[in-house]
Amino acid sequence: MAQEVLGDILYETRGRAAILTINRPEARNSINTGMREGLFEGFARFEADPNTRAAILTATGDKAFCAGADLKEMSGMKLGVLPRNYLPILGDTLEVYKPVIAAVNGAAYAGGWLFAQMCDLVVASHNARFAISEAKVGRGMPWATPLINMIPQKILLEILMTGNPITASRAYEIGFVNHVTTQEGLMPKALELAEAISDNAPLTVMAAKQMVYAATEMGKSAALDMGRRIFEPVYQSADAQEGPKAFAEKRKPNWQGR
């Protein structure tokens, strides 16, 4: 499918994957109105498309995945506390149940870190850098709260209080990044993961995502009970019968998502 332009986002499908590309390389892919509106529209389109099973969020160029907010635009708007729905945040201001992979090339600072953080998996090239730099400009990062379930406390505090960037290798060491690749291998690896996910039963995949995020807010017993309830409709689905049948017949399953 040819790329469509959604504000400052390029949208395309490749196989069973939707690819959303931040397209402001001249401004280090910083977050402006056109990007925010394009991401809201692009993710809504992905979620509604029955032919896409996974999405990849990436960016044009090799200098910056996203360098954070467009401070020139923000200064002109004279924003204090950001409006509740200002940023397109998966799991917060956007409900996307299908899996999303970040493919990070270059700097992912402030809002750029947020965009990587909100995705379910992160693939980074060797030249990627990650930073929550708000302390350097007197802004806030309430969106970073979920990181306490992703990164050890003392490491997280250093990242938040210094504002200094970390390398892709360091992000991998602390568990924020799933895979580190060459620049050339970034999109192939992201597409490989998207295809591996797309081969699996979509109801199981979406329930796994829901279960993991729900469990971060609960104790063990409550999380186990929640997991059982989340997977009950999966067990009762047609796909739950198709999987074992396909295995017995030595063929690939024909997932219906129901």
Among the numbered criteria (1) touching a helix residue (DSSP H, G or I) at 6+ places or on another chain (Cβ under 9 Å); (2) part of a loop (DSSP other than H, G, I, E, B), which one does ALA240 miss?
(2)
Condition set out of contact with any Phe, Trp or Tyr (no Cβ under 9 Å at 6 or more places or on another chain) and of a type in the set (A, V, I, L, M), scope the range 55-74, selection modelled with the highest pLDDT: answer is ILE56
What are the pairs with Cβ atoms under 7 angstrom where one residue, in the range 197-214, is among the aromatic types (Phe, Trp, Tyr) and the other, located anywhere, is surrounded by fewer than 19 Cβ atoms within 10 Å (Cβ to Cβ) and not in a helix (DSSP H, G or I)? Sequence gap at least six, or different chains.
TYR213/GLY91
Does at least one position in the range 146-163 carry a residue that is free of Cβ contacts under 8 Å to residues at least 40 places away in the same chain, surrounded by fewer than 17 Cβ atoms within 10 Å (Cβ to Cβ) and under 19 Å from the mean Cα position of the chain (by Cα)?
yes
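Being part of a loop (DSSP other than H, G, I, E, B), out of contact with any helix residue (DSSP H, G or I) (no Cβ under 8 Å at 6 or more places or on another chain) and more than 28 Å from GLU134 (Cα to Cα) is the requirement here; does GLU184 meet it? Walk me through how you get there before you give the answer.
On the way: part of a loop (DSSP other than H, G, I, E, B): yes; out of contact with any helix residue (DSSP H, G or I) (no Cβ under 8 Å at 6 or more places or on another chain): yes; more than 28 Å from GLU134 (Cα to Cα): yes.
Considered against the rule, which asks whether it is part of a loop (DSSP other than H, G, I, E, B), out of contact with any helix residue (DSSP H, G or I) (no Cβ under 8 Å at 6 or more places or on another chain) and more than 28 Å from GLU134 (Cα to Cα), GLU184 comes out as yes.
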How do the strands (runs of 3 or more DSSP E) wholly within the range 3-59 filter down when requiring 3 or more residues that are surrounded by 18 or more Cβ atoms within 10 Å (Cβ to Cβ): which remain?
9-14, 17-22, 54-59
Every residue in the range 110-131 that is at pLDDT 95 or above and under 21 Å from ARG84 (Cα atoms), please.
GLY112, TRP113, LEU114, PHE115, ALA116, GLN117, MET118, CYS119
Given the conditions (1) in a helix (DSSP H, G or I); (2) in contact (Cβ under 8 Å) with a residue 12 or more places away in the chain, report the number of the one that GLU192 does not fulfil.
(2)
I'm told GLU195 meets every condition in (1) touching a strand residue (DSSP E or B) at 6+ places or on another chain (Cβ under 8 Å); (2) over 21 Å from VAL96 (Cβ atoms); (3) surrounded by fewer than 17 Cβ atoms within 10 Å (Cβ to Cβ) except one. Can you identify the failing condition by its number?
(2)
Can you find a residue in the range 127-137 that is within 21 Å of ILE19 (Cα to Cα), under 11 Å from the mean Cα position of the chain (by Cα) and crowded, with 20+ Cβ neighbours inside 10 Å?
no
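The values are calculated or read from the model by the stated rules, or taken from the named source; none is laboratory data. Given the structure is predicted, the values throughout are model-derived calculations rather than measurements. So basically every Cβ, Gly included, is an ideal-geometry build from the backbone, and we count neighbours across all protein chains shown.
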